[in-house]
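One structure is given here, and the rest of the page talks about it.
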Amino acid sequence: MNDFGEVFDRKNLKFQSKYKRTNKRILIKDEIPSINLEKGFITSIVGKSYFVNSTLNKTLNKKIICEVSGVLESQNINSSILTVGDIVYFRRIKQHKLNKEFDYGVIQKVEKRNKWISRTSIINPSIEQVVAANIKQVLLMFSFRNPQYNKRLLDRFLVSAEIGFVKPIIILNKLDLINDDEYGVIFKDFDIYKKLKIKIIAISVVNSINIDKIRNVLKGKKTLLLGPSGVGKSSLINAIIGQDIQKIREISGSTSKGKHTTSNIIMFNVSTISKNTYLVDTPGIREWGIAGVDRQNLAFYFHDFDKFYNKCKYIPCSHTHEPDCAIKKGVEIGKIDYDRYISYLNIYDSIL
């Protein structure tokens, strides 16, 4: 296996049975030479157009719109072909005659992802959809009120973060909507996450409370922002980058084929904080299917279970119905958080 893995090539399909057809008609093949290829990373995807930032300093401020050729070399065979954050190698092509604002290229290689956040596809739950790749951390954003935080969804995010080797940080917005007593009650509800050594930051975007803490967390990293609709993700990004992200989205949705409004995932360059600081915004999440883990191994991603699962009478144990299960006993005697166990059961039942 070469450095970038296998390659997709539609031309050789009928000759090589080992090749795999993807839903984008790209097939697995051998290594493509790197001569005259330029390195960059994907910042957004609009239809079949991939916006790429080149790592060459002279082109950092110019958009490069790429398409995928019939040949793509990749090690990321069993998940999304390309996603925001992917490190790619592309070949430049001529400028579009009618639109010289952009440079154009064809992506021919993608590096193996070292960190990622993925979910099951909404259309087909058996397919893994990578939301973002090569990110350092993920901000899991919820609100104290309007809407009330959802710990079931939070626990799903946390499992996905660990599967993809991404550090999670919990953000609770709308601090301005609760009083001191309510704050104490809610933070007690989050005790289990503090015990799991997950950083929690309470903020108010409206009153600019603790926004500097978020800026410090982002500095010099590529960070994904996840959360349900209405928790203030867009307002937080506006406050951080000092611009209206909807206008940026409209610009990012512009190609030679016209302007597109987009609710797709997009990576913002947050140069107002520091060099090499990027924030990946996502649409509001309604549901989240877990990809990359089977039922038998799910318990290993609930670290509040760590001291218990080896004490079960039956090994392996699903911790759902077996007699003399140490996890279930831990819940009964209050050593394991009841809500976390319910989250475990909920995820366990949802895994195909």
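Values as computed for the structure displayed
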{"item": "Boolean, residue 105 is touching a residue at least 12 places away in the same chain (Cβ under 8 Å), among the small types (Gly, Ala, Ser) and on the phi > 0 side of the Ramachandran plot", "result": "no"}
{"item": "Unmet criterion (only one of (1) of a type in the set (Val, Ile, Thr); (2) in a loop (DSSP other than H, G, I, E, B); (3) modelled with pLDDT of 55 or more) for residue 262", "result": "(3)"}
{"item": "Count of residues meeting criterion [surrounded by 13 or more Cβ atoms within 10 Å (Cβ to Cβ), out of contact with any strand residue (DSSP E or B) (no Cβ under 7 Å at 6 or more places or on another chain) and in a loop (DSSP other than H, G, I, E, B)] in segment 291-300", "result": "1"}
{"item": "Filtered residues of segment 134-151 (kept if farther than 25 Å from residue 44 by Cα and either in contact with an Asp or Glu (Cβ under 8 Å, 6 or more places away or on another chain) or of a type in the set (Asp, Glu) (or both))", "result": "144, 151"}
{"item": "Test: residue in segment 323-341 that is closer than 21 Å to residue 152 by Cβ, outside any loop (DSSP other than H, G, I, E, B) and under 24 Å from the mean Cα position of the chain (by Cα)", "result": "yes"}
{"item": "Residue match in segment 219-241 (condition: at positive phi, at pLDDT below 90 and surrounded by fewer than 20 Cβ atoms within 10 Å (Cβ to Cβ))", "result": "no"}
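The values are calculated or read from the model by the stated rules, or taken from the named source; none is laboratory data. Bear in mind that the values here come from a model prediction, so they are computed numbers and not experimental data. Using ideal geometry, Cβ is built from the backbone for each residue, glycine included, and neighbour counts are taken over all protein chains shown.
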